[in-house]
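J.: First, the structure itself, so that you have it in front of you.
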Amino acid sequence: EAGVAQSPRYKIIEKRQSVAFWCNPISGHATLYWYQQILGQGPKLLIQFQNNGVVDDSQLPKDRFSAERLKGVDSTLKIQPAKLEDSAVYLCASSSKGTGLQAFFGQGTRLTVV
Amino acid sequence: SQKIEQNSEALNIQEGKTATLTCNYTNYSPAYLQWYRQDPGRGPVFLLLIRENEKEKRKERLKVTFDTTLKQSLFHITASQPADSATYLCAPNRGANNLFFGTGTRLTVIP
């Protein structure tokens, strides 16, 4: 079974530029999560999708961050414009009723804003 | 708002000893609690899930307890090995939505 795929693996941008991350969840998984993990901290939930609908985006900084999950499969997370404090690893995870409550994570995208 | 705290950012123990990690939560009542392991440069990997009506759960050398009165979970690794060195994350959650994580504890097992 293929795991959660994320790209790119690394990204370096200048502040005020825009950036997009892509996630392809495990086939058949209805739930998709995006997390931000700053070095030395636990993952912080940014947004959760159930199929193509948003379940929770209460911690998403909506003035600069946006996310979509068209057709309820893969998803993109965008930051525009980026700030220095956005430097972090962005993790995507997916789960389904069939997996119980267990989430499967991708390797993440490490973003450095300079 | 809900808060999830894990004891000490780092824990060092001698190989062969039992490692005990703590997860405390406040301001909500989770129906279940998950533990994940995260290695450097990788995403978290699921280890164990315990439900509110379960006091204890075991898997090989791992044991998890869940005390809803104390609002605390303990995660034990017995006969620890250097390969157990990683960051361990707890995630107490109410239901299928909103998978929130604690701050994490970095465990180092010294040979």
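The values are calculated or read from the model by the stated rules, or taken from the named source; none is laboratory data. None of the values given here were measured: they were computed from a predicted structure. Glycine also receives a Cβ, built like all others from the backbone with ideal geometry; neighbour counts cover every protein chain displayed. Ligands, DNA and RNA are stripped out before the accessible areas are found, and what is left, the full protein with its side chains, is counted by its heavy atoms. Shrake-Rupley method; radii C 1.70, N 1.55, O 1.52, S 1.80 Å.
J.: Applying 1/(1 + (r/R0)^6) with R0 = 35 Å to the Cβ-Cβ distance of A:SER7 and B:ASN27, what FRET efficiency is obtained, to the nearest 0.05? Please list the in-between numbers first.
T.: Numbers: r = 37 Å, r/R0 = 1.06.
In this case the efficiency is close to 0.40.
J.: Once you compute Rg and the Kirkwood Rh from C-alpha atoms, what is the Rg to Rh ratio for the range A:47-100?
T.: Working: Rg = 12.5 Å, Rh = 12.5 Å.
Using only Cα positions, Rg/Rh for the range A:47-100 is 1.00.
J.: Assuming R0 = 25 Å, can you tell me the calculated FRET efficiency for the pair B:THR108 and B:VAL45, based on Cβ-Cβ distance, to the nearest 0.05?
T.: On the way: r = 18 Å, r/R0 = 0.72.
Working from the Cβ atoms, E equals 0.90.
J.: Another one. Does any residue of the range A:100-114 lose at least 20 Å² of accessible area with all protein chains in place compared with its chain alone, and if so which ones (probe 1.4 Å)?
T.: A:LEU101, A:GLN102, A:ALA103, A:PHE105, A:GLN107
J.: Leaving out ligands, DNA and RNA, and with a 1.4 Å probe, what % of the accessible surface on the protein assembly as shown is carbon or sulfur?
T.: Working: 5450 of 11230 Å².
Heavy-atom surface of the protein assembly as shown belonging to carbon and sulfur, 1.4 Å probe: 49 percent.
J.: Step by step: find N for chain A, compute 2.2 N^0.38 Å, then divide the Cα radius of gyration by it. What's the final number?
T.: Working: Rg = 13.4 Å, N = 114, 2.2 N^0.38 = 13.3 Å.
Against the compact-globule rule of thumb, the ratio is 1.00.
J.: Treating cross-link reach as a plain straight distance, find the aspartates and glutamates whose alpha-carbon is under 17 Å from the alpha-carbon of A:LYS15, omitting any fewer than eight places away in the same chain.
T.: Straight-distance partners of A:LYS15: A:ASP63, A:GLU85, A:ASP86.
J.: Please give me the summed charge of the neighbours of A:ASN52: other residues whose Cβ is under 10 Å from its Cβ, Lys and Arg +1, Asp and Glu -1.
T.: +1
J.: Kindly tabulate the residues in the range A:44-58 with an accessible-area decrease of at least 20 Å² between the chain alone and the assembly of all protein chains, using a probe of 1.4 Å.
T.: Residues losing area: A:LEU45, A:GLN48, A:VAL55, A:ASP56.
J.: While we're here: What list of ³J(HN,Hα) values in whole Hz, one per residue of the range A:16-31 in order, does the Karplus curve 6.51 cos²θ - 1.76 cosθ + 1.60 (θ = phi - 60°) give from phi, with Gly and Pro shown as x?
T.: Karplus values, whole Hz, x for Gly and Pro: 6, 7, 10, 8, 9, 10, 10, 9, 10, x, 5, 3, x, 7, 7, 9.
J.: Let me ask another. When only C-alpha pairs under 8 Å and at least 6 residues apart count, what is the relative contact order of chain B, in percent?
T.: Numbers: 273 pairs, mean separation 40.9, N = 111.
After rounding, I find 37 percent.
J.: Here's a follow-up. What accessible area per residue comes out for chain B, rounded to a whole number of Å², with a 1.4 Å probe?
T.: Working: 5530 Å² over 111 residues.
For chain B, the solvent-accessible area averages 50 Å² per residue.
J.: Per 10 Å bin from zero, what fraction in whole % of the C-alpha pairs of chain B is there, up to the bin with the longest pair?
T.: For chain B, the pair-distance distribution reads 15, 50, 30, 5, 0.
J.: Taking A:LYS11 as the anchor, which lysines have their alpha carbon closer than 24 Å to its alpha carbon, excluding any fewer than eight residues away along the same chain?
T.: A:LYS44, A:LYS62, A:LYS78, A:LYS83
J.: Tell me, what is the Rg over Rh of the protein assembly as shown, with Rh the Kirkwood radius over Cα pairs? List each step's numbers first, then the result.
T.: Numbers: Rg = 17.6 Å, Rh = 18.1 Å.
So for the protein assembly as shown, dividing Rg by the Kirkwood Rh gives 0.97.
J.: If you take the accessible area of B alone plus A alone and subtract the pair, what total do you get in square angstrom, rounded to 100, with a 1.4 Å probe? Walk me through the intermediate numbers first.
T.: Values: alone 6300 and 6480 Å², together 11230 Å².
That pair of chains buries around 1600 Å² in total.
J.: What does the accessible area per residue of chain A come to in Å², with a 1.4 Å probe and no ligands, DNA or RNA counted?
T.: Working: 5700 Å² over 114 residues.
Using a 1.4 Å probe on heavy atoms only, each residue of chain A averages 50 Å².
J.: Same structure again: Reachable aspartates and glutamates from B:LYS71, Cα under 15 Å, same-chain residues fewer than 8 places away excluded?
T.: Cα-Cα hits under 15 Å: B:GLU5, B:GLU52, B:GLU54, B:GLU56.
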